[in-house]
Amino acid sequence: MTDIEKEIGEIKVGYPDCCFSVGQNWFRYRAGALIIENDCLLAITNPTAPYYYSVGGGVHMNEKAEECIVREVKEETGVDYEIDHLAVVCENFFTDNSSGFDGLKCHVLEFYYLMKSRGSQNLKSESYGWNGAKESLEWIPLKDLPNANIKPDFLKTRIPEILKTNQPIHIVNDERA
(Lines give C-alpha, C1' and ligand atoms only; values in the text may rest on other atoms or scores of the structure.)
Protein backbone atom coordinates (compact mmCIF):
# COMPACT_ATOMS: atom_id res chain seq x y z
CA MET A 1 0.00 0.00 0.00
CA THR A 2 1.31 3.43 -0.91
CA ASP A 3 1.36 6.52 1.31
CA ILE A 4 -1.44 8.07 -0.76
CA GLU A 5 -3.66 5.03 -0.22
CA LYS A 6 -3.04 5.27 3.50
CA GLU A 7 -3.89 8.98 3.53
CA ILE A 8 -7.12 8.95 1.55
CA GLY A 9 -8.59 5.58 2.52
CA GLU A 10 -11.31 3.87 0.54
CA ILE A 11 -12.22 5.34 -2.84
CA LYS A 12 -15.72 4.65 -4.15
CA VAL A 13 -16.13 5.19 -7.86
CA GLY A 14 -19.46 5.97 -9.52
CA TYR A 15 -20.37 4.35 -12.81
CA PRO A 16 -21.30 5.21 -15.50
CA ASP A 17 -21.00 8.82 -14.25
CA CYS A 18 -17.57 10.35 -13.78
CA CYS A 19 -17.67 10.68 -9.99
CA PHE A 20 -15.96 9.31 -6.93
CA SER A 21 -15.98 9.68 -3.18
CA VAL A 22 -13.25 9.48 -0.59
CA GLY A 23 -14.49 9.42 2.98
CA GLN A 24 -16.84 12.40 3.36
CA ASN A 25 -15.66 14.04 0.11
CA TRP A 26 -17.48 13.64 -3.22
CA PHE A 27 -16.38 14.76 -6.70
CA ARG A 28 -18.55 14.80 -9.82
CA TYR A 29 -18.17 15.92 -13.44
CA ARG A 30 -21.53 17.32 -14.59
CA ALA A 31 -23.10 19.06 -17.59
CA GLY A 32 -25.98 21.49 -17.11
CA ALA A 33 -28.40 23.13 -19.53
CA LEU A 34 -29.52 26.73 -19.50
CA ILE A 35 -32.85 26.51 -21.32
CA ILE A 36 -34.64 29.82 -21.72
CA GLU A 37 -38.04 30.23 -23.35
CA ASN A 38 -40.31 33.30 -23.13
CA ASP A 39 -37.98 34.98 -20.59
CA CYS A 40 -38.14 31.95 -18.26
CA LEU A 41 -35.38 29.55 -17.17
CA LEU A 42 -36.25 25.86 -17.04
CA ALA A 43 -35.47 24.35 -13.64
CA ILE A 44 -35.97 20.91 -12.17
CA THR A 45 -36.58 19.50 -8.70
CA ASN A 46 -37.68 16.29 -7.03
CA PRO A 47 -39.23 15.38 -3.66
CA THR A 48 -35.80 14.77 -2.08
CA ALA A 49 -34.34 18.16 -3.11
CA PRO A 50 -35.42 21.26 -1.17
CA TYR A 51 -34.40 23.51 -4.10
CA TYR A 52 -34.42 23.77 -7.90
CA TYR A 53 -31.42 23.00 -10.10
CA SER A 54 -30.60 23.02 -13.80
CA VAL A 55 -31.55 20.29 -16.20
CA GLY A 56 -28.48 18.10 -16.68
CA GLY A 57 -26.53 15.35 -15.04
CA GLY A 58 -23.36 13.37 -14.69
CA VAL A 59 -21.07 13.00 -17.66
CA HIS A 60 -20.52 9.30 -18.32
CA MET A 61 -17.10 7.74 -18.69
CA ASN A 62 -15.75 8.35 -22.22
CA GLU A 63 -18.62 10.74 -23.03
CA LYS A 64 -18.09 14.32 -24.19
CA ALA A 65 -19.82 17.00 -22.12
CA GLU A 66 -21.71 18.10 -25.26
CA GLU A 67 -23.01 14.55 -25.78
CA CYS A 68 -24.00 14.36 -22.14
CA ILE A 69 -26.08 17.54 -22.15
CA VAL A 70 -27.97 16.60 -25.30
CA ARG A 71 -28.73 13.18 -23.76
CA GLU A 72 -29.70 14.59 -20.36
CA VAL A 73 -31.95 17.30 -21.83
CA LYS A 74 -33.79 14.69 -23.91
CA GLU A 75 -34.12 12.34 -20.90
CA GLU A 76 -35.38 15.08 -18.56
CA THR A 77 -37.58 17.15 -20.89
CA GLY A 78 -38.68 14.57 -23.45
CA VAL A 79 -37.80 16.95 -26.30
CA ASP A 80 -34.76 17.67 -28.43
CA TYR A 81 -32.76 20.83 -27.85
CA GLU A 82 -29.62 21.89 -29.68
CA ILE A 83 -26.58 23.47 -28.05
CA ASP A 84 -26.04 27.16 -28.74
CA HIS A 85 -22.68 27.41 -26.94
CA LEU A 86 -20.74 26.65 -23.78
CA ALA A 87 -21.80 29.44 -21.41
CA VAL A 88 -20.30 28.66 -17.98
CA VAL A 89 -17.55 26.56 -16.48
CA CYS A 90 -18.37 26.31 -12.78
CA GLU A 91 -16.27 24.98 -9.94
CA ASN A 92 -19.03 24.25 -7.46
CA PHE A 93 -18.25 23.60 -3.78
CA PHE A 94 -20.99 22.85 -1.25
CA THR A 95 -21.94 20.71 1.69
CA ASP A 96 -25.22 18.94 1.07
CA ASN A 97 -27.39 17.63 3.87
CA SER A 98 -30.26 16.71 1.56
CA SER A 99 -30.88 14.28 -1.26
CA GLY A 100 -29.11 11.42 0.52
CA PHE A 101 -25.68 13.08 0.60
CA ASP A 102 -25.58 13.05 4.42
CA GLY A 103 -23.29 16.05 4.84
CA LEU A 104 -20.79 15.18 2.12
CA LYS A 105 -18.32 17.87 1.13
CA CYS A 106 -19.11 18.17 -2.57
CA HIS A 107 -16.85 19.39 -5.38
CA VAL A 108 -18.57 19.43 -8.76
CA LEU A 109 -16.96 20.55 -12.01
CA GLU A 110 -19.82 21.73 -14.21
CA PHE A 111 -20.08 22.76 -17.86
CA TYR A 112 -23.27 24.77 -18.50
CA TYR A 113 -24.50 25.01 -22.08
CA LEU A 114 -26.95 27.61 -23.33
CA MET A 115 -29.44 25.71 -25.45
CA LYS A 116 -31.06 27.14 -28.61
CA SER A 117 -34.62 28.29 -28.09
CA ARG A 118 -37.38 26.11 -29.55
CA GLY A 119 -39.96 28.88 -29.11
CA SER A 120 -42.12 26.67 -26.93
CA GLN A 121 -42.37 25.73 -23.27
CA ASN A 122 -44.14 22.45 -24.09
CA LEU A 123 -42.27 19.49 -22.61
CA LYS A 124 -42.88 15.73 -22.41
CA SER A 125 -41.08 14.90 -19.19
CA GLU A 126 -41.25 11.53 -17.47
CA SER A 127 -37.91 11.93 -15.71
CA TYR A 128 -36.69 10.28 -12.52
CA GLY A 129 -33.68 11.36 -10.49
CA TRP A 130 -30.64 9.30 -9.52
CA ASN A 131 -32.47 8.00 -6.45
CA GLY A 132 -35.65 7.05 -8.31
CA ALA A 133 -37.60 10.17 -7.25
CA LYS A 134 -39.97 11.62 -9.87
CA GLU A 135 -38.61 14.92 -11.13
CA SER A 136 -40.75 17.93 -11.95
CA LEU A 137 -39.92 20.82 -14.26
CA GLU A 138 -40.81 24.47 -13.75
CA TRP A 139 -40.33 27.58 -15.87
CA ILE A 140 -39.02 30.32 -13.55
CA PRO A 141 -39.37 33.88 -14.91
CA LEU A 142 -35.92 35.48 -15.25
CA LYS A 143 -37.12 38.45 -13.19
CA ASP A 144 -37.91 36.06 -10.30
CA LEU A 145 -34.54 34.26 -10.28
CA PRO A 146 -32.96 36.49 -7.58
CA ASN A 147 -35.59 35.24 -5.11
CA ALA A 148 -35.81 31.66 -6.37
CA ASN A 149 -34.64 28.71 -4.31
CA ILE A 150 -32.26 27.47 -7.02
CA LYS A 151 -28.73 26.07 -6.87
CA PRO A 152 -25.98 26.88 -7.56
CA ASP A 153 -26.38 30.46 -6.41
CA PHE A 154 -24.93 32.01 -9.57
CA LEU A 155 -28.16 31.02 -11.37
CA LYS A 156 -29.93 33.65 -9.25
CA THR A 157 -27.67 36.55 -10.14
CA ARG A 158 -25.56 35.97 -13.25
CA ILE A 159 -28.03 34.90 -15.97
CA PRO A 160 -28.25 38.44 -17.47
CA GLU A 161 -24.44 38.55 -17.75
CA ILE A 162 -24.34 35.02 -19.19
CA LEU A 163 -26.92 35.89 -21.86
CA LYS A 164 -24.95 38.98 -22.98
CA THR A 165 -21.86 37.08 -24.11
CA ASN A 166 -21.06 34.19 -26.41
CA GLN A 167 -17.87 33.51 -24.46
CA PRO A 168 -17.74 31.02 -21.57
CA ILE A 169 -17.65 32.55 -18.09
CA HIS A 170 -15.62 30.88 -15.32
CA ILE A 171 -17.46 30.88 -12.01
CA VAL A 172 -16.29 29.56 -8.63
CA ASN A 173 -19.39 28.90 -6.54
CA ASP A 174 -18.46 28.22 -2.93
CA GLU A 175 -21.41 27.45 -0.65
CA ARG A 176 -19.53 25.35 1.91
CA ALA A 177 -20.81 25.76 5.42
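With 30 Å as the limit on Cα-Cα distance, the pairs of LYS64/LYS134; LYS74/LYS164; LYS105/LYS164 that go past it are LYS105/LYS164. Eigenvalues of the alpha-carbon gyration tensor of the chain, scaled by 5 and square-rooted, set the equivalent ellipsoid semi-axes at 28, 17, 17 angstrom, largest first.
Could you give log10 I(q)/I(0) at q = 0.14, 0.18, 0.20, 0.25 Å⁻¹ for segment 103-177, computed by the Debye formula over C-alpha point scatterers of equal weight, without solvent? Debye curve over Cα of segment 103-177, log10 I(q)/I(0) at q = 0.14, 0.18, 0.20, 0.25 Å⁻¹: -0.66, -1.09, -1.30, -1.42. Between the Cα long axis of helix 65-77 and the first principal axis of the chain there is an angle of about 60°, rounded to the nearest 10. Relative contact order for the chain using alpha-carbon pairs under 8 Å, separation at least 6, rounded to a whole percent? Computed over the chain, the figure is 26 percent.
Surface exposure of segment 22-83, expressed per residue as accessible area with a 1.4 Å probe, stands at 41 Å². Here segment 67-168 exposes an accessible surface that is 49 percent carbon and sulfur, computed with a 1.4 Å probe and the other protein chains kept in place.
The values are calculated or read from the model by the stated rules, or taken from the named source; none is laboratory data. Predicted model, so just to flag it, every value in this text is computed and none were measured. Please note that ligands, DNA and RNA were not included when accessible areas were found on the heavy atoms of the full protein model with its side chains. Shrake-Rupley method; radii C 1.70, N 1.55, O 1.52, S 1.80 Å.
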